[in-house]
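The values are calculated or read from the model by the stated rules, or taken from the named source; none is laboratory data. Bear in mind that the values here come from a model prediction, so they are computed numbers and not experimental data. Cβ sites come from the backbone with ideal geometry, for glycine too, and all protein chains shown count toward neighbours. The accessibility values were calculated without ligands, DNA or RNA, using every heavy atom of the protein model including side chains. Shrake-Rupley method; radii C 1.70, N 1.55, O 1.52, S 1.80 Å.
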Amino acid sequence: MQASGRNAGLGLALVSACAFGGSGVAAKPLIEAGLDPLHVVWLRVAGAALVLSPLAWRHRGLLLRKPALLAGFGLVAVAGVQAFYFASLSRIPVGVALLLEYLGPALLLGWIRFVQRKPVTRAAAAGAAVAVVGLACVVEIWAGLRLDLLGVLLGVAAACCQAFYFVLADQGADGEDAPDPLGVIAYGMIIGTLLMTVIARPWEMEWGILGRDAAVGDLLVPAAVLIGWVVLIATVAAYLTGVVSVRMLSPQVAGVVACLEAVVATVLAWVLLGEHLSTPQVIGGALVLGGAFIAQTSRPAPPAPPAPPEVPDPAALGPGALDRGALERGALEHGALDRTATTA
């Protein structure tokens with residue numbers, strides 16, 4: 001991959017992590033204002049589906065070409081991550097749930113290595129390990145050691161869904177019939193909305209809250225503005241840049257860089273919501289940054305050159321083969337002379 005393309009992919013991955021990380025500071029005030037967390041998720045996914053619906057119409061041919069990919073992306077990469085993460089939040093501390101979800105990059109490396117049987121670079125593996133340690137510090141996992149088993153399983157399920165987000169984002173990217181990432185995201189949001197409608201039951205939502213203000217730190221911000229941020233920035237822009245970055249980098253590298261989302265979310269919560277950072281969180285953020293840097297320095301192994309065609313050794317073929325070769329050459333020369341004489 002050329003350096004310019006890799007740098008562009010890394011930039012998009014960073015933009016995606018920052019956009020995803022900005023969802024919490026907008027969603028939390030809405031939840032504190034009275035919205036159910038699942039209703040916030042439904043508004044997020046449904047709003048993104050509405051914004052991206054023109055792209056879905058433009059790429060409607062994907063419904064026949066890649067139905068399994070679209071269904072998997074919508075059910076797993078969109079609805080699955082959100083539903084399992086928020087379900088785990090109801091049973092275990094927020095920090096532990098966030099750490100479990102971001103085990104996804106480590107699970108992704110295992111999938112690539114042992115299921116797809118593709119090589120994993122040492123830099124990507126080391127970066128993932130450093131980032132996981134950093135995340136444990138960022139979310140202060142030691143603050144919630146008494147865990148609910150079901151909550152942990154739900155968090156691991158969210159991590160699995162996040163890992164498959166990167167796998168599905170890269171699906172078919174190298175083939176001649178590669179699906180357009182814009183169409184995949186658009187249909188993923190539509191399918192995710194259908195599933196989240198069943199789970200969240202938005203008809204029970206207190207719609208009047210959307211017409212009020214919500215407290216973001218010391219500021220009062222219209223709830224509709226916060227919803228707009230969650231939909232346009234933390235969902236549409238985040239998914240678009242994230243999927244494109246996976247195709248420009250690789251799932252394993254983009255997955256580790258995505259761990260920066262937790263750091264961004266923590267810093268924004270500190271700046272906007274007044275949630276102060278402790279010393280372990282600062283150290284953890286530095287470790288996550290270091291892990292992302294280590295991962296993005298990985299380079300895929302160059303393909304092995306094709307083996308030259310084997311030329312048989314005349315000596316190994318024996319004298320009979322040499323005699324037959326001489327007879328064949330003589331027959332060809334004799335035929336050429338006959339054709340020349342006839343033409344003359």
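Listed values, structure above:
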{"item": "Order by protection proxy (mean Cβ within 10 Å, highest first), peptides 107-119, 34-46, 74-86", "result": "74-86, 34-46, 107-119"}
{"item": "Estimated FRET transfer efficiency (TRP57, GLU206; beta-carbon r; R0 25 Å; 0.05)", "result": "0.20"}
{"item": "In segment 159-231, GluC sites (Glu not before Pro) in a DSSP loop with at most 13 other beta-carbon atoms within 10 Å", "result": "GLU176, GLU206"}
{"item": "Average accessible area per residue (Å²) across segment 178-219 - probe 1.4 Å, nucleic acids and ligands excluded", "result": "51"}
{"item": "Under 5 Å, built H, 5+ apart or other chain: amide partners of ASP36", "result": "GLU206"}
{"item": "Residues of segment 7-32 with amide N under 18 Å of the 7 Å Cα→Cβ point at ALA224", "result": "30"}
{"item": "With every protein chain in place, segment 146-286: carbon and sulfur % of accessible area (1.4 Å)", "result": "67"}
{"item": "Extension gain from ARG65 to ASN7, taking 0.36 nm per residue of separation minus the Cα-Cα distance", "result": "17.8 nm"}
